[in-house]
Amino acid sequence: MSAVTMEATTILPILKKKLAFLSGGKDRRSGLILNIPLSSDQTSMEELSATLDYLLSIPSEKCKARGFTVIVDGRKSQWNTVKTVVLMLQNVIPPEVSLVCVVKPDEFWDKKVTHFCFWKEKDRLGFEVILVSANKLTRYIEPCQLTDDFGGSLDYDHSDWLNKRLVFEKFTKESTSLLDELSIINDADKSSSMDKDKSADCALLPSFDPETVLQTGHELLSELQQRRFNGSEGGGGGQGGPAWCPMEEELLAQPQVMKLLDSLREQYTRYQELCRQRNKRTQLDEIHAKVMQVVTWLQGPGSELLKTQQTIGDSIRSAQALQQRHEEIESQHSEWFAVYVELNQQIAALLSTGEEEEVAELKALQQQLSDVCYRQAAQLESRQNVLQAAQGFHSTTQELSQQLDGLLGMLCADVAPADGAAIQQNLKLLEEKLQTVEAGLTSLRQKGALLLEQTCSQPSWPLEETESPTTEQQDSVQHIQSVMEDMQLRKQRCEDMVDVRRLKMLQMVQLFKCEEDALQAVEWLSELLDALLKTHVRLGDDSQETRTMLDKHRKFVDVAQSTYDYGRQLLQATVVLCQSLRCTTRSSGDTLPRLNRVWKQFSVSAEERQQRLELALNFHTAAERVLQQERVEAESLDEVDSLGKTLLDRLTMPVIFPDGSEQFFGSPTDTAAAAEGVRERLLLVEERRLQLQEARLHNDGDEREEEVLNGQDARLDVIGEELSEKEDQDEEEEDVGQQDEDLERATQDC
């Protein structure tokens, strides 16, 4: 029997009973050893026959030709059972069986009967039957080929053998069926076209998974190559016997598995190539469908969405709303662009492995998809640039409008600064605002030009015949130009108003400057008056010094005169500026009277100072002439004396101002010092007078000596008394002057 007609699964319960088995051992002729272990229970001949049929179907014809040796283990069975089994063997085992060894028990049956019967039946049975005890079995079979039941060393695990046998048969069955199916599929594909419908694709699926079957075969082959099939680890032949060959090779298990695996790999490779081709075709069809889906949406709904968004808005808020809507459109496009990227990657992968015809088709699809996607992306980018430029334009327009409103509000407000510094600050702020407006308008022009350029240079749609601007583009251009012109006009009006305001503020600055300078002139004139009264006290020690002081005094007066004239001019300019600014005079009520009052006081004081200097000059000139001449007339001496007394009297007199107030030159100490110089010169003149008188007395005689001496003493006494009285008077004047100063200071504090 062949393995095709009988499978282990059909008699698995019987095989598990181990009624017979091939242990893998061999006799001395390399024939297989068939073991039939009889038990004490009644053995079913039908089950035994089925087991023997299955076992004898396993070896190949070549293996069967070497013959069999059957070992019937009857040590646990009755003779009748053994006899029945032996007689049954002639109908079951092939004629190649040459020897049947019946292992007898120690207490055996009647020898004559048994021996005679088997010997008698030898010709009819066709094989030799011998009765042998277990310890004598090694006469016929090597110990290494016997299992441990007969004292041998051959390992055998029936359960392991049965499991592997089931795996082998399962693999053989599945691989054979799979080979048939794959052969049919592969052969059918040769005569069929590449375009298959869904039902044809479903027919490509075999009943078994080729990968699983191949994995099972490889595992089984690995087991066979490790010589574990049938539970045998291998062994050598007996001494002097033939070399031992693995049972797997003799049973054709390993070659059969290898052959099935080779055939299966070949068919499976063809099947994989077929599936790859069909999958590639299917993938190409899917890619083509997806490409057309992307192209259709981008050229249809996607383009329509963009065509409806062509305006730029009229404010920053409307531009932001358009930007938000554009972002939604971009989000919708992003989903299709993601599909484009995925398709592009798939096409690139197929291009590296595709055939020439497929490569051409894929390149055409890729080019079409790329053209449409890049064109749509360019439209999106152009629209995004326009919206960004529009937002920048509207934002700058809004900022410029607010700046112009602020500048106009500043120009319309009344100017009431407190001083020139505040006006300068306002003027600086006004100039800064004007510069800010100018910079804003420049920025608006730049952004407007950019927006106009981007609006007019948007890429055209492929289906449009002309490239003329759309109505939305024309409206956008007109709006941009209108906004820029309006801002230019507003800026020009503000500039005109700024020019007027600048002129007015500059006049106000000049007005404040004139008032400040006029007040400064009053202060300068007051300082000159104060210096004249407090420091210009000395009259000089001689005529030369007095003449020099007189020249300096005239220059001092000229400086004061220039200061007064400068203040008058400033006050006149203030009046003119106030009339120009249509405001009341700010200085005529206070500064001008102060200027005039101080100038009158200075004029009176300067006149008094000049008279005193002129008087002192005359006094010193006359005194010097008297002192230098050898002969002097009494009238000259009297004149000098008169001038000196007049000068001394003048020094004690205060300056009387037009308002009736009085003021002394310098302090009493300074006045006393000046008077002391005059008195000293008077003493010199008086000494000169005495010298002249002595000369006359010497000429007139001694008689008048006593008279002259008495007269001289009396004259000196008079001069001494006058000096003493003058000093007392100076002290009293100094006390009075100090009281006046204290009173004036208290009045000012009040």
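The values are calculated or read from the model by the stated rules, or taken from the named source; none is laboratory data. Since we're looking at a predicted model, the values are computed, not measured. Cβ atoms come from the backbone with ideal geometry, glycine included; neighbour counts cover every protein chain shown. The area values use the complete protein model at the heavy-atom level, side chains included, leaving out ligands, DNA and RNA. Shrake-Rupley method; radii C 1.70, N 1.55, O 1.52, S 1.80 Å.
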The residue that is farthest from the chain's Cα centre (by Cα), considering only those in the range 610-645 that are farther than 19 Å from residue 688 by Cβ and of a type outside the set (A, V, I, L, M, F, W, C), is 614
In the range 651-669, anything crowded, with 17+ Cβ neighbours inside 10 Å and assigned to a helix (DSSP H, G or I) is listed as 651, 668
Only one of 523, 527, 515, 495 is crowded, with 18+ Cβ neighbours inside 10 Å and of a type in the set (Asp, Glu), namely 515
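For every residue, the table says whether it meets (1) of a type in the set (A, V, I, L, M, F, W, C); (2) under 30 Å from residue 382 (Cβ atoms); (3) modelled with pLDDT under 80.
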position	(1), (2), (3)
413	yes, no, yes
424	no, no, yes
429	yes, no, no
434	yes, no, no
439	yes, yes, no
475	no, yes, no
483	yes, yes, no
506	yes, no, no
Can you confirm whether residue 319 is at pLDDT below 90, in a helix (DSSP H, G or I), closer than 30 Å to residue 401 by Cβ and aliphatic (A, V, I, L, M)? yes
Scanning the range 65-93 for residues that are closer than 20 Å to residue 30 by Cα, modelled with pLDDT under 85 and open to solvent by less than 20 Å² (accessible area, probe 1.4 Å) gives 67, 68, 93
Here is a check on your reading of the model: is residue 592 open to solvent by less than 30 Å² (accessible area, probe 1.4 Å) and assigned to a helix (DSSP H, G or I)?
no
Screening 391, 345, 368 for residues that are in contact (Cβ under 8 Å) with a residue 40 or more places away in the chain, over 30 Å from residue 433 (Cβ atoms), among the polar types (S, T, N, Q) and part of a helix (DSSP H, G or I) leaves only 368
Pairing a residue in the range 430-457 that is free of Cβ contacts under 8 Å to residues at least 24 places away in the same chain with any residue that is exposed (fewer than 12 other Cβ atoms within 10 Å of the Cβ) and β-branched (Val, Ile, Thr), where Cβ atoms lie under 8 Å and the two sit 6 or more apart in sequence or on different chains, gives none
Within the range 636-648, does at least one residue satisfy the condition of being among the charged types (D, E, K, R), open to solvent by less than 50 Å² (accessible area, probe 1.4 Å) and not in a loop (DSSP other than H, G, I, E, B)?
yes
When the range 62-82 is checked residue by residue, the ones that are among the polar types (S, T, N, Q) and in a helix (DSSP H, G or I) are 80, 81
When restricted to 331, 315, the only residue hydroxyl-bearing (Ser, Thr, Tyr) and farther than 22 Å from residue 451 by Cβ is 331
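Going through 183, 175 one at a time, which residue ends up being crowded, with 20+ Cβ neighbours inside 10 Å, of a type in the set (S, T, N, Q) and at pLDDT below 85?
Result of the check over 183, 175: 175.
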Among residues of the range 550-576 being closer than 30 Å to residue 504 by Cβ and charged (D, E, K, R), the residue surrounded by the most Cβ atoms within 10 Å (Cβ to Cβ) is 568
If I filter the range 397-404 for residues that are within 30 Å of the chain's Cα centre (by Cα), charged (D, E, K, R) and part of a helix (DSSP H, G or I), do I get at least one hit? yes
Of those in the range 126-160 that are assigned to a helix (DSSP H, G or I) and in contact with a Phe, Trp or Tyr (Cβ under 7 Å, 6 or more places away or on another chain), the residue surrounded by the most Cβ atoms within 10 Å (Cβ to Cβ) is 137
Next item on the list: Would you mind stating whether residue 630 is acidic (Asp, Glu) and assigned to a helix (DSSP H, G or I)?
Entry: no
Q. Somewhere in the range 153-170, is a residue acidic (Asp, Glu), more than 29 Å from residue 264 (Cα to Cα) and at pLDDT 80 or above?
A. yes
Taking the range 5-36 and keeping residues outside any loop (DSSP other than H, G, I, E, B) and open to solvent by 70 Å² or more (accessible area, probe 1.4 Å) leaves 9, 10, 13, 16
**Item:** Residue check, residue 547 over 60 Å from the mean Cα position of the chain (by Cα) and exposed (fewer than 15 other Cβ atoms within 10 Å of the Cβ)
**Value:** no
Of (1) open to solvent by less than 60 Å² (accessible area, probe 1.4 Å); (2) not in a helix (DSSP H, G or I), residue 533 fails just (2)
Problem - Test for residue 444: is it at pLDDT 80 or above and either part of a helix (DSSP H, G or I) or in contact with a Lys or Arg (Cβ under 9 Å, 6 or more places away or on another chain) (or both) - result: yes
(1) closer than 22 Å to residue 171 by Cα; (2) surrounded by fewer than 16 Cβ atoms within 10 Å (Cβ to Cβ) all hold for residue 39 apart from (1)
With the condition kept exactly as written, say whether any residue in the range 382-393 is surrounded by 15 or more Cβ atoms within 10 Å (Cβ to Cβ), at pLDDT 85 or above and in contact with a Ser or Thr (Cβ under 7 Å, 6 or more places away or on another chain).
yes
